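Down below is the structure, laid out as structure tokens.
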Protein chains: 2
Amino acid sequence: MTLLGSKGVDQTQNLFQGSWTKVSCPCCVSDQVEPLVLIRLSEKVQPITKRWLISLIETSERHGGAALLAHPGEDECGDVIVVSAPRCTLLKATEDLGLCKKYQDGDMIAFSYQDRDNFSNVDDMQEFLTLAERQYIVKNELDSLQAQKKQKIPGIGDATGVLQAWENVCQKLVKAGVIKDIFPLHDQQKLKELGKKWYSGKQIWGQPLDEIHSYFGGTVAFYFSFLDFYTWSLVPCAFLGVFFTFLMSGVGSSVEVMEKQANERVMGDGDGPSVSGHMVQAVFSMLWSTLFMEFWKRRSSSLSYRWGTLQLSEGFAEPRPGFHGTQGINPVTGRMEPLFPEWKRQLRVGLVSVPIVGLFMGLVVVGMTGFYYGEALAKGFHQDSGSWFSKGLLYLPSVVHIVYTNMLGNVYSTVAMQLTEWENHREESSFQNHHTTKVLLFTFFNNFAVLFHIAFYKQDLVLLRKRLASLLIVTQLVNQCTEVLVPFIVDCFVKATQKKQQEDDPEVDKLRAQNLPCFPGLFSEYIELLVQFGYLSLFSCVYPLTAVFLLINNVMEIRGDSYKICKLFRKPFSAPVSDIGVWQTAFEVLSFVSVMSNCWLLLLSPRVQEFCLEGGISSTNILLFAILVEHVLILVKMILAFMIPDEPDWVRIKREQMEFYSMQALGQQKL
Amino acid sequence: MTLLGSKGVDQTQNLFQGSWTKVSCPCCVSDQVEPLVLIRLSEKVQPITKRWLISLIETSERHGGAALLAHPGEDECGDVIVVSAPRCTLLKATEDLGLCKKYQDGDMIAFSYQDRDNFSNVDDMQEFLTLAERQYIVKNELDSLQAQKKQKIPGIGDATGVLQAWENVCQKLVKAGVIKDIFPLHDQQKLKELGKKWYSGKQIWGQPLDEIHSYFGGTVAFYFSFLDFYTWSLVPCAFLGVFFTFLMSGVGSSVEVMEKQANERVMGDGDGPSVSGHMVQAVFSMLWSTLFMEFWKRRSSSLSYRWGTLQLSEGFAEPRPGFHGTQGINPVTGRMEPLFPEWKRQLRVGLVSVPIVGLFMGLVVVGMTGFYYGEALAKGFHQDSGSWFSKGLLYLPSVVHIVYTNMLGNVYSTVAMQLTEWENHREESSFQNHHTTKVLLFTFFNNFAVLFHIAFYKQDLVLLRKRLASLLIVTQLVNQCTEVLVPFIVDCFVKATQKKQQEDDPEVDKLRAQNLPCFPGLFSEYIELLVQFGYLSLFSCVYPLTAVFLLINNVMEIRGDSYKICKLFRKPFSAPVSDIGVWQTAFEVLSFVSVMSNCWLLLLSPRVQEFCLEGGISSTNILLFAILVEHVLILVKMILAFMIPDEPDWVRIKREQMEFYSMQALGQQKL
């Protein structure tokens, strides 16, 4: 029945076969059970607690269980529980999530449990649902375990062992120290195949996106799709950059000459592009960033259709585990669940979160001001005394500032998480978006406050460009090291130990060995792209070759990131998603800011200043002209964004079809 | 059965009863048939053509007819056909339009013909559908009459009498001169009741919006709701204005003093508000306009729920009569209908319509430039010669410019209509939006080009304010005259003739007497509000009493407009709509422009200039400050607009409920 070709997994399953949960439902009986998720318990957990948890996992949903399959590992005292899911649970969850699956006529439509027989591959769960989807469903079912009434957890003596009615079981067990980790298991055979196609093959371009989606799931696949699309979009910029560079510096020039020229241009004394050239570059980068975002939206919606996430019904599904409120009837779905009024959440966001985030940004500014003040003080002191002691003091402001910034960052990340928890979002995606927005704002502000200070207050363009160039180069170098070199070395070391394990250890230990460091999430990857994107749309006119460097960097980035996620970290759970979420907004906002910034920098550029002086144009007039250009560019940008439809025609038709069908169904159902 | 209490109508019906179409469907049999729509034919039309048309109207939809009820008037040779609709046709059309009706549990849900018995009032068409809806349905059915095959129209000899397959029958008959007009009939009794509540009653505030919606239909009701909401929103501005005025000019000052002060302030030598006062006013007007638009959206969506138009399915219904294309199968609905690819329409809009509209705007600028050039020439000539002839020549540029502008306007209105027709929009709302946008852009440009010229090129603030003030006062005066006084006089005259008719003439002549001038549409009404709104958000800081005057004006406007639509024009067909369409966008765009404009005008104001001179601030710095303020204000505006939900919570819940139901229905239907 099952299609798992991997020897290792087959063996694992055979060993397990004896003690998996017995299924009563005839359609769920299967020759082999696939281990999907591992629950790692504390070593001190008593067998009675483990038995209680297993029975809870096995109990049907009607009786307050998760309706999953569980296996206690080698014996009852072991510290793992392996979890899988029967067919019925998987299918019902597919409907609840609102996933679209292939219908018999080839269209992707929202799966319906009652109509299951008309969907393709519905008999074979390995084909019907991707591995990532199966694992996400298991996690989802575990997460939604709630105590039906106030009860004691067997084997835990003290007050921590009391479950209140409607309390979330898994969260409670994590708090009580019973559960240490819950993570999805790798399928080594599939992982090897994926790796071959992805990073160890010979192709440099292109990624096996469908396989990535099927193995790692929505959020990961969308990140790599975006990275892929972004890298491809750099090609025209790179060509243009090469063209400009060679056109300007003759045929025989080497890269050093170009670099030198670029540097000269920064200093304002080279023979760089003219004012009109600057303008052309600014307009091009504005057009490019707009078209890039608009076409990404189209790409995103077609990927979403292909991966069946166009009709996700998160709002109608059960709330996320952390959500709490008074028990009541959801007015939309009519189900019993915790309720929390929307206005209360908005008040919390508006009256507490926003001011606190603002406060932290203020603290960043305070830190920066303090740093500049301290630096000036130290310099003055050194000039006055000139001793060794005072020379040492010169470094003090920097050191204090770095320590201060780091501490602030650490405190903020805790505060951001707790604030977002406290805002009590019903949907996971909403939680993620609010959390990402908070962290993103701070990170950007923390990194860019100095740059903005230089650009807008000091109005020192030369310093700004130097800072930005060094920032980019240092960031790229550090990233390439940490992402490509370190992983490679670590992996060589890890492989050696892994091989040893494969020969000697029992099967369960192999699963336990997957307990690698936790995957750190995609935040840092996305923010790296965002900074790149900002740099490109802001400064490509200064260094025409920026796009070329970024292109090379990103081709390596793809391989580095893919290697990292496959080999160096525990497999992450990844929710089905229909887009890259709040990151799309972040890129769009940045591309708006870049228009303003471009106009401003153009105004400050030595070339323009010189041009004005020569032409006898007053600075007020040139300022007025810059404002006009800015407003026109933003208008053009908005019109372009409005004109280009956010989804391709064929996706629009499919979506409208679904709407039409559901409208008709609603009309006929009430007969 | 019917609830028509009016004597007149009852008599009409009794007279007609004999020769209405016999209905075969048992559920459609009714004691009385209500005359809904009048088709006025040319007097030359032969009885055979009239008989053919009547039979086409009566034929069932399956056989290519309209499935309506028809009555030939007094005799077969008369020039009218009175049309009504049987119950089945009305109910099916209600479902096709996607109208929501009250379900037995009190919720408004999309009407389903199969489930009709569970909807309230479904047995009584007068209660179930509003008069406007019934009439719109009749028009819709008539409009969708198509020739099933190539055929000759009986009684029309020449080539104009040949109907091609799938050709629209009514459009053809209008072209061939058979049909002169199709218009909905007034219900005199209901009209009288409505008038009493609306304009002849003693209440000044408030309008019977539900009755207006029921009698005149969606577009008209939404206009009056918007006018109502806008007028109420002026109250805080008016209070603030009065407060400011009295605070500044003491308690005993009369209106003249205030006016004088305002004028002095314009000239820059009065003791007007300080720079910070200006700023406060600018910020207040920005906040006010944003909040006004956001709360109108909320109001609009709750009205839309109340009036059952939250789920209009125009996209799934039949295309508008003017739509043409190759016959094919609609990929969404699977129905046979003309198809026209979306990209072709977008190309037509982008490559033809946009440049042509731009060309006309260019012609406006050319005209203005010519006017200024001609004026300068004439002035120079007059100074040189100083004769009577040259004095007369001084008026020539103005006269030529006025003639030019008027001609341009007339040509443009034809071009705009033809362009929009040629763009070939499938939905009526899309057609209307594109047409309105075209006319709106031109009208605004035509009216405001001179003002922008004065503000941005001449930078003469005093002249600008004078121009604007005179524009507003003249417009208001002219409007009040044409909208309130003239109608009243005309009505007195009309009433005298109407009374005569009621005694002597046959019933059909009474219906024929409703053939008043065609209702000119709501375009001019909306644009009047738009100009007001622009003036208010731009200049309320100069004349704090603007809002008071506008408030008084609008209270009169409500009465004038309502009187006009009830008494002076033929009743218009009015489609069910869910909002005010493109006008909402126009108001939002204007409120953005007003932020920029406010900042600019603040900068130019003599007070600020003086302040700068005194404070020794360079003009560049004050310009930078203005840019900063502008960007911050726009940011605040966007955040505000984003934070305030576009629909009240209860509407959101209802909408989500509907989505949830239809999702569930889709899942269950396929069993």
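FYI, it's all coordinate maths here, none of it is from the lab. Bear in mind that the values here come from a model prediction, so they are computed numbers and not experimental data. Every residue, glycine among them, receives a Cβ derived from its backbone with ideal geometry; neighbour counts consider all protein chains shown.
Dipole of chain A computed with +1 at Lys/Arg Cβ and -1 at Asp/Glu Cβ about the Cα centre; of A:Asn479, A:Val162, A:Leu91, farthest Cα towards the positive end is A:Val162.
Here chain B is treated with +1 on each Lys and Arg Cβ and -1 on each Asp and Glu Cβ, and its dipole about the Cα centre works out to around 860 debye. Extending 7 Å from Cα along the Cβ direction at B:Arg335 and again at A:Ser619 yields two label points whose distance is 6.7 nm.
With contributions of -39500 (n - 2.57) from each DSSP H run of at least four residues, the per-residue ellipticity at 222 nm computed over chain A stands at -20000 deg cm²/dmol. Derived scalar couplings between HN and Hα for region B:625-641 equal 4, 4, 4, 4, 4, 4, 5, 5, 4, 5, 4, 4, 4, 5, 5, 4, 4 Hz in order, rounded to whole Hz, by the Karplus curve 6.51 cos²θ - 1.76 cosθ + 1.60 (θ = phi - 60°), x for Gly and Pro. Computed from backbone phi, the HN-Hα couplings of region B:318-332 come to 5, x, 5, x, x, 6, 9, x, 6, 4, x, 9, 4, x, 7 Hz, rounded to whole numbers (Karplus: 6.51 cos²θ - 1.76 cosθ + 1.60, θ = phi - 60°; Gly and Pro given as x). Database remark: amide H of A:Leu41 closer than 5 angstrom to the amide H of A:Val80, A:Ile81, A:Lys180 (H placed geometrically; neighbours at sequence offset of 5 or more, or on other chains; Pro and chain starts carry no H). Label-point spacing for B:Val235 across the identical copies (point 7 Å from Cα in the Cβ direction), in nm and ascending order: 6.3.
The C-alpha atoms of chain A define a longest principal axis, and helix A:218-249 lies at about 20 degrees to it. Rounded to the nearest 20, the Cβ-based charge dipole of region B:341-425 about its Cα centre (Lys and Arg +1, Asp and Glu -1) stands at 20 debye. Note on the protein assembly as shown: with charges restricted to the Cβ of Lys and Arg (+1) and Asp and Glu (-1), its dipole about the Cα centre is near 420 debye.
Projecting the Cα atoms of B:Ile622, B:Val632, B:Val651 onto the charge dipole of region B:578-653 (Cβ charges, centred on the Cα centre) puts B:Ile622 farthest toward the positive pole. The overall shape of chain B is prolate: from the C-alpha gyration tensor, with semi-axes ordered a ≥ b ≥ c, the ratio a/c is 1.5 or greater and a/b exceeds b/c. Close amide-amide hydrogen proximity is noted between A:Ser313 and A:Gly98, each under 5 Å apart and 5 or more residues distant or on a separate chain (H modeled in the peptide plane; Pro and chain starts excluded). Prolate is the label for region A:614-671. Its Cα gyration tensor axes, ordered a ≥ b ≥ c, give a/c of at least 1.5 and a/b above b/c. Of the GluC sites (Glu not before Pro) in region A:377-447, the ones in a loop by DSSP (not H, G, I, E or B) with at most 16 other beta carbons within 10 Å are A:Glu427.
Considering the options B:Ser387, B:Gly334, B:Leu419, tell which one lies farthest towards the positive end of the dipole of region B:295-429, charges being +1 on Lys and Arg and -1 on Asp and Glu at the Cβ, about the Cα centre. Farthest along the dipole direction, towards plus: B:Gly334. One way to sum up the overall shape of the protein assembly as shown is the equivalent ellipsoid from its Cα gyration tensor, whose semi-axes run 59, 48, 30 Å, largest first. Anisotropy class assigned to region A:559-671 is oblate, per the alpha carbon gyration tensor with a/c at or over the 1.5 cut-off and a/b no larger than b/c. Across the identical copies, the label point of A:Met556 (7 Å from Cα in the Cβ direction) is separated from its matches by 7.7 nm, in order from shortest.
Once the Cα atoms of helix A:523-539 and of chain A are each reduced to a long axis, what angle between those two axes, in degrees from 0 to 90 to the nearest 10, is obtained? Roughly 20 degrees, rounded to the nearest 10. The same position B:Lys197 in the other copies lies at 6.6 nm from this copy, comparing label points 7 Å beyond Cα toward the beta-carbon, shortest first. Remark on region B:341-425: ratio of C-alpha radius of gyration to 2.2 N^0.38 Å is 1.61.
Shown here for region A:378-421: chymotrypsin sites (Phe, Trp or Tyr not before Pro) in loop regions (DSSP other than H, G, I, E, B) with at most 13 other Cβ atoms within 10 Å, namely A:Tyr395. Relative to the dominant Cα principal axis of chain A, helix A:606-615 is inclined by about 40°.
As a length-normalised measure over Cα pairs under 8 Å and 6 or more apart, the relative contact order of region B:341-425 settles at 40 percent. Between the amide H of A:Gln146 and those of A:Val169, distances stay under 5 Å, these residues lying 5 or more places away or on another chain, with hydrogens modeled in the peptide plane.
Checked against a 26 Å cut-off, the cross-linked pairs B:Lys22/B:Lys571; A:Lys92/A:Lys564; A:Lys102/A:Lys190; A:Lys50/A:Lys101 give Cα-Cα distances beyond that limit for B:Lys22/B:Lys571; A:Lys92/A:Lys564; A:Lys50/A:Lys101.
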